[in-house]
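Colleague: Handing you this structure, nothing more for now.
The values are calculated or read from the model by the stated rules, or taken from the named source; none is laboratory data. Just so it is clear, the structure is predicted and the values come from calculations on it, not from any experiment. All Cβ positions, glycine included, derive from the backbone under ideal geometry; neighbour counts span all protein chains shown.
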Amino acid sequence: MKTNFLKSILVSFSLIALASCSSDDDGEMDNVNPGQVTLEFDSSFAGNELILGAANAANTNGEALTVTRLNYIVSNIVLVDEDGMEYAYPKENSYFIISEDSNDALADNTKIILEGVPAGEYQAVKFGIGVDKEKYDQGLSGAGDFWDAASAYDMTWSWASGYKYVNFEGGYTTSASGPVGISGEDFKVHLGRASDEVTNYTETTINVPAGSAIIVNEDMAPEVHIITDASALLTAREAVSLEAYGNAIMGGEGAVIVAANVPLVFKVDHVHNNEAGNSSH
Amino acid sequence: MVVCNAFAIHKTEPTDSLQTTATTKHYVFEDFCDTCGCSGNGGSMGFGTGLDTNFAGVRYISQSYQSRDGIFNDSPWIDENFNTLQAWGRVPIGKRFLVNAIVPYHFHDREFADKSSQDISGLGDITVLGFYKILAKQDSIMVVGPQHSLQVGGGVKMPTGSFDRANNTGSVNTSFQLGTGSWDYVTAINYGLSHNNWGVSAMVNYTFKTKNAKDYQFGNQLNYGLNTYKTYYLSDNFALTPALGVGGENYSEDESYNLSVLNTGGDVFFGKLSVEASYKKYSLGVTSMLPIDQNLNNGKVEVKNRFSLYLNINI
């Protein structure tokens, strides 16, 4: 008891010391009592659970998709607190592959665990979808293991072409032209860099629900449940028809439309502010 | 929580000397519902607030819910069963005061969509309530006409049932707990009106819930009920009292670490049917409640039904 008391005094002093030593002018936070934050990506299709291999209701283009793969790169994660202060997760560790793939050889990745996040109450999560120009410009030597990991998930082209930010595949049918319409065509949507000018890299900022917060400290292990709406990739801002692009959107105008849809694909459904060591169901 | 409506019994004993009057033994059981296992918030309990009768008894309550296991529009519904066995009783203190106590034991279970299941059991939150009789039945045997009774009271629900945050992460139904984990405070009003073999009872109570040691605070709870009943005397010792009523519950949002918890709170309105058989000092009752209208936990939790069975001895 006594040692605990002394310890807490000591901790308090060191907190004061830390706070007074560091400058807040740079807008960065002091990393005290850091905790862990888990971002969990749950895929949906227009509100329903995304089930690989199962047909979904037709979208606004009259195309009914059956998704077999939804892989994407989440990068440059930033947490924003109630005062608008931002904590940027160390860039060198801030590239992740989220995947739901019907290829059983590839384990699904739906969680990102951020370690050493400064204590605080965060209100929003900001992240990129894909790989930014700075990282790309570092070349293969700057890619580290991430290139190999991305490659394993079919998230790369050749090095010069770079990464696939989103690899969205499956089949679809359309009733637009009646029973003789397209039936069971495969589709591929591969989003990536077109040029230095058209990077197609986008960032999104998603707020936690009103009244909620991501509570971070050494005793907590919050989980942020993010819904990724696969249907929104083709419809969120501007509807893009698979048929119109010959069942494959790999670049060009189609990719630019998809890139504009991407930031609207994500939202925070809820936050579980769990105690550390107490994971949810 | 359950019920939260009043089950009432009215008993009239003819006397030989005065055929036109009667002594009235009148008691009302008002089921008071707590927050564990009840609608949005957890188990149930009840207290007898008999207007004139002191009793001790046991009651079994089952509550059947379904809730969404998941966050999607098409997430599956899972069944949750809340069971409570409780000892309850009431003793008078002086002429004007009554003390009610309830000691619940809960055993709840549910099966998730992935076929894994969970059950919890143990002591629930013990509740002790005191009532002051503003109006009580008259002691005189010369009573004629309608009888009114009115009681106001309050008390405390103690954190004797365990609260485990981990229970709250498996489903949107935050009431899958043995207790709120907090000291909660109750205020209540009961009213009864009886005339001949007929009676009406009404009750309202409100529970103020506080933050528990795990920084979780269940939403405050309003319960209300209205019942009407008639007693049929089948012999000198045996009477049957069917009752028909409505009742409702209204919950405020829960808070966790001082932040509101999504998909909590809401309201439910029940229809209720019950029958009590009394033989000498014993009362055996059965009650069924079905929801008429509900919006609990943002529509993600639904009450399917509630049922209770009790045996009391009047003392």
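Colleague: Which one of these is in the same structural domain as A:ALA230 (by TED's automatic domain parsing), closer than 30 Å to A:VAL216 by Cβ and modelled with pLDDT of 95 or more: A:VAL67, A:VAL78?
Modeller: On the way: A:VAL67 fails: closer than 30 Å to A:VAL216 by Cβ.
A:VAL78 is the lone residue from the list that is in the same structural domain as A:ALA230 (by TED's automatic domain parsing), closer than 30 Å to A:VAL216 by Cβ and modelled with pLDDT of 95 or more.
Colleague: Now a separate question. Kindly list the number of the only condition in (1) assigned to a loop (DSSP other than H, G, I, E, B); (2) modelled with pLDDT under 90; (3) among the polar types (S, T, N, Q) that fails for B:THR24.
Modeller: Evaluating B:THR24 over (1) assigned to a loop (DSSP other than H, G, I, E, B); (2) modelled with pLDDT under 90; (3) among the polar types (S, T, N, Q) leaves (1) as the failure.
Colleague: Now for a different question. Select from the range B:249-268 the residues that are polar (S, T, N, Q) and in a loop (DSSP other than H, G, I, E, B) and write down the one among them that is farthest from the other protein chains (Cβ to nearest Cβ).
Modeller: My answer is B:SER252.
Colleague: Quick check on my filter: what residues within the range B:110-138 are β-branched (Val, Ile, Thr) and closer than 15 Å to B:ASN168 by Cα?
Modeller: B:ILE120
Rundown of residues vs (1) polar (S, T, N, Q); (2) more than 30 Å from A:GLY211 (Cβ to Cβ), yes/no style:
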residue: B:LEU262; (1), (2): no, no
residue: B:ASP267; (1), (2): no, no
residue: B:TYR279; (1), (2): no, yes
residue: B:TYR282; (1), (2): no, yes
residue: B:VAL286; (1), (2): no, yes
residue: B:ASN295; (1), (2): yes, no
residue: B:VAL301; (1), (2): no, no
residue: B:ARG306; (1), (2): no, yes
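Colleague: So, in the range B:181-209, of the ones that are surrounded by fewer than 24 Cβ atoms within 10 Å (Cβ to Cβ) and among the polar types (S, T, N, Q), which residue ends up nearest to the chain's Cα centre (by Cα)?
Modeller: Residue satisfying both the conditions and the ranking: B:THR187.
Colleague: Moving on. Filter the range B:160-180 for residues that are buried (at least 19 other Cβ atoms within 10 Å of the Cβ) and away from chain A (no Cβ under 14 Å) and give the result.
Modeller: Those that are buried (at least 19 other Cβ atoms within 10 Å of the Cβ) and away from chain A (no Cβ under 14 Å): B:GLY161, B:SER175, B:GLN177, B:LEU178, B:GLY179, B:THR180.
Colleague: Of all residues in the range A:195-225, which are in a loop (DSSP other than H, G, I, E, B), of a type in the set (D, E, K, R) and either out of contact with any helix residue (DSSP H, G or I) (no Cβ under 9 Å at 6 or more places or on another chain) or within 12 Å of chain B (Cβ to nearest Cβ) (or both)?
Modeller: From the range A:195-225, those in a loop (DSSP other than H, G, I, E, B) are A:195-201, A:208-213, A:217-219, A:221-222; that's our starting set.
With the extra rule that they be of a type in the set (D, E, K, R), the set shrinks to A:196-197, A:218-219.
Within the range A:195-225, A:GLU197, A:GLU218, A:ASP219 qualify.
Colleague: May I pose another question? Out of the residues in the range B:88-108 that are surrounded by fewer than 15 Cβ atoms within 10 Å (Cβ to Cβ) and of a type in the set (Lys, Arg), which is modelled with the lowest pLDDT?
Modeller: Among them, the one singled out is B:LYS95.
Colleague: Among the residues of the range A:36-57, which ones are part of a strand (DSSP E or B), more than 8 Å from chain B (Cβ to nearest Cβ) and farther than 30 Å from A:VAL216 by Cβ?
Modeller: If the condition is that a residue be part of a strand (DSSP E or B), more than 8 Å from chain B (Cβ to nearest Cβ) and farther than 30 Å from A:VAL216 by Cβ, then A:PHE45, A:ALA55 are the ones that fit.
Colleague: Kindly list the number of the only condition in (1) within 14 Å of chain B (Cβ to nearest Cβ); (2) touching a Lys or Arg at 6+ places or on another chain (Cβ under 8 Å); (3) closer than 17 Å to A:LYS164 by Cβ that fails for A:ALA248.
Modeller: Result: A:ALA248 fails condition (1) only.
Colleague: If you go through the range B:149-159 one residue at a time, do you hit one that is assigned to a loop (DSSP other than H, G, I, E, B), crowded, with 16+ Cβ neighbours inside 10 Å and within 14 Å of another protein chain (Cβ to nearest Cβ)?
Modeller: no
Yes or no, residue by residue, for (1) of a type in the set (Val, Ile, Thr); (2) in contact with a helix residue (DSSP H, G or I) (Cβ under 7 Å, 6 or more places away or on another chain); (3) closer than 28 Å to B:GLY153 by Cβ:
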| residue | (1), (2), (3) |
| --- | --- |
| B:ALA87 | no, no, yes |
| B:ARG90 | no, no, yes |
| B:ILE102 | yes, no, yes |
| B:GLU111 | no, no, no |
| B:ASP119 | no, no, no |
| B:ILE126 | yes, no, yes |
| B:ALA136 | no, no, yes |
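Colleague: Scan the range A:252-270 and tell me whether some residue there is within 14 Å of chain B (Cβ to nearest Cβ), surrounded by 21 or more Cβ atoms within 10 Å (Cβ to Cβ) and outside any strand (DSSP E or B).
Modeller: Looking for residues that are within 14 Å of chain B (Cβ to nearest Cβ), surrounded by 21 or more Cβ atoms within 10 Å (Cβ to Cβ) and outside any strand (DSSP E or B), one finds none in the range A:252-270, hence no.
Colleague: Out of the range A:120-158, which residues are surrounded by 12 or more Cβ atoms within 10 Å (Cβ to Cβ), free of Cβ contacts under 8 Å to residues at least 60 places away in the same chain and among the hydrophobic types (A, V, I, L, M, F, W, C)?
Modeller: Within the range A:120-158, A:ALA143, A:PHE146, A:TRP147, A:ALA149, A:ALA152, A:TRP157 qualify.
Colleague: Say we look at the range B:73-87 and pick out the residues that are within 14 Å of another protein chain (Cβ to nearest Cβ) and buried (at least 18 other Cβ atoms within 10 Å of the Cβ); which of these is nearest to A:GLU49 (Cα to Cα)?
Modeller: The residue in question is B:ILE78.
Colleague: Identify all residues within the range A:81-96 that are crowded, with 18+ Cβ neighbours inside 10 Å and either among the aliphatic types (A, V, I, L, M) or touching a residue at least 40 places away in the same chain (Cβ under 8 Å) (or both); write none if there are none.
Modeller: First, the residues of the range A:81-96 that are crowded, with 18+ Cβ neighbours inside 10 Å: A:81, A:87, A:89, A:94-96.
Matches in the range A:81-96: A:ASP81, A:TYR87, A:TYR95.
Colleague: Which pairs have Cβ atoms under 6 Å, sit 6 or more apart or on different chains, and link a residue in the range B:137-160 that is modelled with pLDDT under 90 to one that is in a loop (DSSP other than H, G, I, E, B) and buried (at least 17 other Cβ atoms within 10 Å of the Cβ)?
Modeller: Listed pairs, sorted by first residue: B:LYS137/B:ASP52; B:GLN147/B:LYS137; B:SER149/B:LEU51; B:SER149/B:ALA136; B:SER149/B:LYS137.
Colleague: Given the conditions (1) outside any strand (DSSP E or B); (2) more than 30 Å from A:HIS270 (Cβ to Cβ); (3) touching a residue at least 40 places away in the same chain (Cβ under 8 Å), which single one is not true for B:ASP236?
Modeller: So B:ASP236 meets the others, but not (3).
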